[in-house]
Each structure stands twice: as C-alpha cells, then as structure tokens.
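To start, the structure under review is shown below, and the notes come after it.
Here, each number is a calculation from the coordinates, and none is a lab measurement. Everything numeric here is computed off the predicted structure, so don't read it as measured data. Note: ideal-geometry Cβ built from the backbone for every residue, glycine included; neighbour counts use all protein chains shown.
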Amino acid sequence: MKESIKARTVYTGRKVVKDSYVVFDGAKLDGVSKTKKGKVIGECSVVTPAFIDPHSHIGMFRSGEPSAEGEGNEQMEALMALPDALDSVQMDDMAFKDAIELGVLYSCVVPGSGNIIGGLSAVIRHYAKNTSDAMFTRSGVKAAFGYNPMSTVEWKGKRPSTRMGAIAILRAKLDEVKRKVEKRRRATGKKKEEVTFSAEEAILRDVLARKLRLRVHVHKIDDIATLLRIVDEFNLDVTVEHASDVHEPEIFQALAKRKIPVLFGPIDAFAYKVELKHENWRNVKHLIESGVEYGLMTDHPVCAARQLFYQTRWFTRLGLSKQEAVELVTRKNAEILGIDKELGTLERGKWASFACWNGDPFDVTAYPTAVYGEGELLFAE
C-alpha cells in the first residue's frame with residue numbers, strides 16, 4: 001500500500017520541489033507528487049534523500065574501543081588485494097546509530113591506507129543486523145599513494161621507505177600480471193589453460209581490464225601526478241580520494257580533462273601530518289572551479305560519519321546552492337560509487353531511503369525527526 005510524507009520543501013537530489021508528497025510503496029519510492037497519494041503518515045518541513053558516505057572505515061575503527069583494536073589495515077604485506085573490508089566490519093559499532101539519526105544511511109567501507117593495495121571495498125547499509133545483510137555491492141579496490149605506505153616500514157612483509165619504492169612495488173606487480181594476461185591471450189589450446197591466476201592476481205587482472213576501479217588514497221599534488229603516470233602506463237580506471245592538500249587548481253583541471261572523479265575530504269578534520277600542511281577549506285574553490293566530477297567523504301573516524309552533511313557548509317560558502325550541496329552527498333556520491341540505480345535521488349523505483357527534517361537542514365538547529373531506510377522507519381524523534 002502506498003504511503004506518503006508531506007513536506008513544505010523536498011530536495012529530490014536533482015531539484016527543489018515545494019509543498020509536495022514523498023510517496024513510497026514498501027521498500028521502493030513511487031516518486032515525489034504535488035498531489036496526495038496513498039495514506040499520509042506524516043508531515044515535516046523538509047525531506048532529503050538518504051546521505052551516502054563514499055569513503056569510510058565505519059565498523060572497522062569502532063566507537064568506544066581502543067585504537068589498537070582497529071581493523072582498518074592488515075599488516076602482513078604491502079600489496080594485498082584479497083582482504084575484504086566487510087570482514088572487519090562489526091555492526092554493533094555505535095557510530096552506525098549516530099549516523100542514522102543524522103540521515104547518513106550508507107557507506108562505502110574501504111581498507112585503510114597503510115598498504116599500497118589494501119583490498120576490496122564494500123558498500124553497506126548502516127541499519128542492517130549483520131554484515132551479510134548490510135553489504136549490497138562492491139565499488140572497487142583500495143590503493144594508497146604518498147606518505148602512508150612509506151610510513152609502515154616496521155610492519156611485516158616487503159615494505160617501502162620512500163614514495164619511489166612504493167610505486168616500484170606497485171608497478172612491478174601490475175606489470176607481472178599484465179604480462180601474464182598477454183601471455184594467456186597469445187597462447188592456444190592447452191598452453192592457454194596452463195596460464196593461471198591466483199585469487200589475488202585475478203583481482204589485479206580485473207583492475208587492469210578496467211572491470212574494477214582503483215580507489216586511490218592520495219593527498220598531495222605531486223602524488224596525484226604520479227598516479228596519472230601510472231594511469232597512463234596501465235590504462236587504469238581510478239578515483240582520487242582525499243586530495244586535501246591540493247592548494248593549486250591545475251591538478252584538478254587535469255583530472256577533469258581525463259574524467260577522473262574526486263572523492264574529496266574530509267574537511268572538518270585536523271591536519272595531523274606533513275602531507276596535509278596545505279590543507280584548508282578554501283581549497284574547495286579549486287575543486288569547484290575545475291569542473292571535475294566530485295563527491296564528499298568523512299573518512300570516518302577521521303571525521304565522524306554523522307558530520308557528513310555538515311561539511312557541505314564550506315561548499316555553500318563558496319557558491320554552491322543548497323540543492324547542489326544536497327546533491328553532493330546524495331546523487332553525486334551515488335553516481336561515483338555506481339549505486340545511482342538504487343540511491344541518490346527521490347525518483348520512482350529507487351529505494352525509499354530519506355530523512356524528514358523539522359526545519360532547514362542548513363540551519364544548525366535543525367535535525368531529522370524521522371529517518372526511513374528502504375521504507376522502514378529507522379529513527380523517530
């Protein structure tokens with residue numbers, strides 16, 4: 001049976017609609033209507049689509065637990081494509097509840113940045129009872145450039161102590177798998193069957209074939225330049241994740257020309273290392289003006305997942321409209337993650353996941369009074 005929420009303002013993820021109904025039938029949206037449809041079960045000031053955090057370690061570094069028990073980085077080897085972020089997520093992390101109450105219902109959980117390649121991502125629901133129910137898709141393989149991989153020389157395995165050493169290890173492995181792919185392509189008959197790939201090599205083979213996106217932690221301009229050289233050498237599909245130290249416009253312009261998206265942030269975090277010495281919210285201006293495709297992350301727990309939407313204030317200060325700011329943490333994040341068929345806008349057929357606010361979400365005194373995930377009431381004030 002169709003149900004609806006009446007709102008004075010609806011941010012659909014594409015436009016703003018006044019005095020309308022958000023209509024849903026079970027877990028799916030029926031759309032936004034100017035006329036009443038179905039049973040009206042509530043009224044509110046504003047409705048926004050569910051917010052999506054595209055780069056997070058929620059459930060891996062857990063609220064109220066010692067940092068030493070965090071599971072973001074496996075320390076066995078510097079190159080690890082097989083670890084699955086989902087296997088280290090614990091759904092009893094209280095950060096999930098906090099995020100839900102602020103309308104943040106989904107995260108792409110990725111391994112940390114201590115390894116050159118860290119493992120598989122998992123896009124999850126925050127409101128699931130266990131990780132099997134939480135996970136609904138993948139969105140690439142985590143990699144890391146810059147300071148972090150070279151800072152782990154005391155960990156186990158073959159470890160780099162410089163940026164050039166880290167890139168050499170990555171380049172060697174990608175080249176090894178590429179040569180094996182080419183050897184198998186040229187082989188015939190039984191010889192083709194003799195060219196086999198380990199489970200880890202199969203993942204890297206899919207990265208080389210652009211079937212899997214490489215999600216690259218990188219902050220500094222020259223580290224992004226290095227990434228672009230690797231992209232050219234191996235024809236990779238990548239996202240630039242963080243880019244917090246980019247304080248000049250040219251590298252964003254280069255990414256825009258190549259159609260490489262940026263998952264930017266976090267903004268409201270302390271610049272705790274040297275490679276963040278140019279980090280400043282004003283860097284957002286270069287991101288906006290470059291024309292690059294971009295979304296916004298929290299990197300939870302670096303910035304709490306519940307704070308995702310509030311980071312958009314820096315974008316409105318630099319010229320984005322309120323609608324564009326909402327799009328940033330809904331539709332744009334969904335598109336970059338490849339989950340825009342399910343989430344990101346309040347359109348017919350998408351998941352009925354949204355937040356009902358008691359006032360303008362951009363007013364710091366406003367908050368969600370009801371939050372729905374796939375048609376289920378998850379939180380009510």
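Tabulated data
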quantity	calculated
Centroid-to-centroid separation of region 175-213 and region 68-94 [C-alpha atoms, Å]	27
Cα-only Debye scattering, the chain: base-10 log of I(q)/I(0) at q = 0.06, 0.10 Å⁻¹	-0.24, -0.64
Under 5 Å, built H, 5+ apart or other chain: amide partners of ASP53	TYR106, SER107, CYS108
Order of PHE96, PHE309, PHE362 under a 10 Å beta carbon neighbour criterion, fewest first	PHE362, PHE309, PHE96
Rough spin-label spacing in nm, given labels placed 7 Å along Cα→Cβ, for SER161 and MET76	2.6
Descending principal axes extents, region 282-380, alpha-carbon based, whole Å	40, 32, 27
Estimated FRET transfer efficiency (ARG184, THR316; beta-carbon r; R0 56 Å; 0.05)	0.60
Cysteines in the chain that, by Cβ-Cβ distance, have no pairing candidate under 4.7 Å	CYS108, CYS303
Full-extension gain in nm, VAL16 to ASN358, via 0.36 nm per residue minus C-alpha separation	121.4 nm
J(HN,Hα) series, region 106-118, from Karplus relation 6.51 cos²θ - 1.76 cosθ + 1.60, nearest Hz, glycine and proline x	9, 9, 9, 8, 10, x, x, 10, x, 9, 4, 10, x
Sorted by Cβ neighbour density within 10 Å, fewest at the top, the residues TRP351, TRP314	TRP314, TRP351
Burial ordering of GLU347, GLU279, fewest other beta-carbon atoms within 10 Å first	GLU347, GLU279
LEU228-ALA172 pseudo-label distance in nm [points 7 Å out on the Cα-to-Cβ vector]	2.8
Given LYS277/LYS322; LYS178/LYS211; LYS158/LYS180; LYS158/LYS211; LYS142/LYS285; LYS220/LYS341, the pairs whose alpha carbons are separated by over 24 Å	LYS277/LYS322; LYS158/LYS211; LYS142/LYS285; LYS220/LYS341
Karplus-derived 3J(HN,Hα), 6.51/-1.76/1.60, for each residue of region 306-311, Hz, glycine and proline x	5, 8, 3, 4, 5, 5
If the convex hull is drawn through the Cα atoms of region 105-180, its volume per residue in Å³	122
Interchain or long-range residues, amide H under 5 Å from LEU378's placed H	VAL371, TYR372, GLY373
For region 34-51, Karplus couplings with θ = phi - 60° (6.51, -1.76, 1.60), whole Hz, Gly/Pro x	7, 10, 5, 9, x, 7, 7, 9, x, 9, 7, 7, 9, 10, 10, x, 4, 7
Sequence-distant aspartates and glutamates (8 or more away, or on other chains) whose Cα lies within less than 13 Å of LYS37	GLU3, ASP25
The chain, helix-only ellipticity at 222 nm - DSSP H runs n ≥ 4, -39,500 (n - 2.57), divided by all residues, nearest 500	-7500 deg cm²/dmol
Two-decimal Rg/Rh across region 234-334, once Rg and the Kirkwood Rh are taken from alpha-carbon atoms	0.94
Region 153-266 - Rg over Rh from alpha carbon coordinates, Kirkwood radius	1.04
